[in-house]
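Student: Sharing a structure, written as structure tokens. Questions coming.
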Amino acid sequence: MVAGEELRTMRVGEILVKLGVLDAYDAQAGIAHAELRAIPVGQALIELGLCDEPTLHRALAIQPGSTVVANGQVFLGDGPGIDHVVASYFDFR
């Protein structure tokens, strides 16, 4: 599993690739679609059917300055305990 610290320095497409949700080709397709339509990459990924909204929200939630709610507890995206939350929150397999 990828450490939370590493994930927090990445953009959403990179996070989703690192976690195995997308492959690099899908991430590039999302970026190209986002640029073409002048929309956020996450929205483009959803429009293309490459990612669902709950998964996108989980990926966005671990970026700095965000909040993750897991098991009734609230964790700041850059606060203590987030690595454990990230590891369990993204158990897609």
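Student: Given points 7 Å out from each Cα along the Cα-Cβ axis, report the GLN63 to ILE31 separation in nanometres with one decimal.
Tutor: Between GLN63 and ILE31, the label points sit 1.4 nm apart.
Student: Then there is this: Calculate, in nm to one decimal, what THR9 and GLU53 gain on full extension: separation in residues at 0.36 nm each, minus their alpha carbon distance. The partial results should precede the final answer.
Tutor: Details: separation 44, 0.36 × 44 = 15.84 nm, distance 2.12 nm.
Fully extending the segment from THR9 to GLU53 adds 13.7 nm.
Laboratory data are not the source of any read-out in this text; all were calculated from the coordinates shown. All of these numbers come straight from a predicted model, not from anything done at the bench. Glycine gets a Cβ as well: all are built from the backbone with ideal geometry, and neighbour counts include every protein chain shown.
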